[in-house]
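Visitor: Structure below; questions to follow.
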Amino acid sequence: MQPAMIRLAILSENTARGAGILGEHGLSYWIDTGAHRVLFDTGQGLALAHNARVLGIDLARADAVVLSHGHFDHVGGLETALAAAPAAPLFLHPRAVEPKFAGTSAGAVRRLSTPFVEAQAFRAGGRRVVATPEPREIVPGVWVTGEIPRATDFEDVGGPFYLDEALTRPDPLLDDQALFLPTPEGLIVLCGCAHAGVVNTLNHIATLAGDARVRAVIGGFHLENAPARRLDETVRVLRAIRPQVLGFGHCTGAAAARTLWREFPEICVPVHAGCRLEFAA
């Protein structure tokens, strides 16, 4: 008898590898537990359906769609995903639908939210939508963290994010959430952008799961503009929890990625669009 496996495929990421695979600034995961399938984030929407076809993944088989937060590089493909899987419920934090912007007084303002999500067009057709800040079991064995408490004094949202175009209302990005999968060997943690902070995220998951053992941490860590102390503390915590697999990309930042590869060379794995990872369940 074949052992039960958890299979992860990355459908959208800044980098790509493999014949016909497209890269984009975005992130999207396909999680297959054997019994259920979850789409976590949808990238910008330029690569989702194409890469799914190339990888032989049928988006129509999704049992649920989950959003990590409301930025375009994670929700841009939502309309495509929901059209492909009309029966799949959608899980998101209520504040993921807020208008979102980034910018500084000296630079151009960028809109980070999308009209489809702001207008809550995803509710059309009577789809089941679960908009809650609370942790939830999405399908058996796959949990979303809900809102992540901001407990550390060295982590912030990672950039100049706002709720208005005039840049007068800072966005605390309370909609940021992660997924985790408990397994006998520890927790598999999937981050979207970790705007709440990687350490806050891991601490919250340990509280929810009643288990501090972490088997894998994968995703965007949003350390691109992190000061030295934040990066040092993140390394310290990762060293203490001793994951078996560490995979980071998207918004992690080149300097932080170099540091993490240097500090954890034996457990780091590349993550890119087209990447597949398997874990015994």
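The values are calculated or read from the model by the stated rules, or taken from the named source; none is laboratory data. Since the model is a prediction, treat every value here as computed from it, not as a measurement. When we count neighbours, we look across all protein chains shown, and the Cβ atoms used for this are built from the backbone with ideal geometry, even at glycine. Heads up: the accessible areas ignore ligands, DNA and RNA and are worked out on the full protein's heavy atoms, side chains in. Shrake-Rupley method; radii C 1.70, N 1.55, O 1.52, S 1.80 Å.
Visitor: In Å², what does the accessible area per residue of the range 193-240 work out to with a 1.4 Å probe?
Guide: Here the per-residue accessible area is 38 Å².
Visitor: In sequence order, what are the phi-derived ³J(HN,Hα) couplings for the range 146-156 according to the Karplus relation 6.51 cos²θ - 1.76 cosθ + 1.60 with θ = phi - 60°, rounded to whole Hz, with x for glycine and proline?
Guide: For the range 146-156, the Karplus curve yields x, 4, 9, x, 9, 9, 6, 9, 10, 10, 9 Hz.
Visitor: Oh, and also: Can you compute the helix-only [θ] at 222 nm over the chain? Use -39500 (n - 2.57) per DSSP H run of at least 4 residues, normalise by all residues, nearest 500 deg cm²/dmol.
Guide: Values: 7 runs with 58 residues, N = 281.
Per the formula, -5500 deg cm²/dmol.
Visitor: Sticking with this structure for a sec: PRE reach from Asp164 (point 7 Å along Cα→Cβ): which of the range 88-132 fall under 14 Å by backbone N?
Guide: Label zone hits: 99-101.
Visitor: With 5 Å bins from zero, work out the P(r) of the range 21-156 over every alpha carbon pair and list the percent per bin.
Guide: 2, 10, 19, 22, 20, 14, 8, 4, 2, 0, 0
Visitor: Distance in nm between label sites at His36 and Asp58, each 7 Å beyond Cα in the beta-carbon direction?
Guide: 2.0
Visitor: Just grab the label-to-label distance for Met5 and Ala106, each label 7 Å out from Cα along the Cβ direction, in nm (one decimal).
Guide: Inter-label distance under the simple model: 5.1 nm.
Visitor: For the chain, which whole-number percentage of the solvent-accessible area (1.4 Å probe, protein heavy atoms only) is attributable to carbon and sulfur atoms?
Guide: Carbon-and-sulfur percentage of accessible area, whole number: 53.
Visitor: List every DSSP H helix in the chain whose Cα atoms extend 30 Å or more along the helix's own long axis and whose mean Kyte-Doolittle hydropathy is at least 1.0.
Guide: Numbers: long enough: none.
Helix filter hits for the chain: none.
Visitor: Can you give the FRET efficiency for Glu137 and Ile267, using 1/(1 + (r/R0)^6), R0 = 22 Å, r = Cβ-Cβ distance, to the nearest 0.05?
Guide: 0.20
Visitor: Shifting gears a bit: Among Asn200, Leu277, Gly77, pick out the residue whose Cα is farthest towards the positive end of the charge dipole of the chain, where Lys and Arg carry +1 and Asp and Glu carry -1 on C-beta, about the Cα centre.
Guide: About the Cα centre, the residue reaching furthest to the positive side is Leu277.
Visitor: State the Cα centre-to-centre distance between the range 186-236 and the range 1-40 in whole Å.
Guide: So the two Cα centres are separated by 20 Å.
Visitor: Would you please classify the overall shape of the chain from the alpha carbon gyration tensor, given that a ≥ b ≥ c denote the square roots of the eigenvalues, rounded means a/c under 1.5, and beyond that prolate means a/b larger than b/c while oblate covers the rest?
Guide: Here the chain falls in the rounded category.
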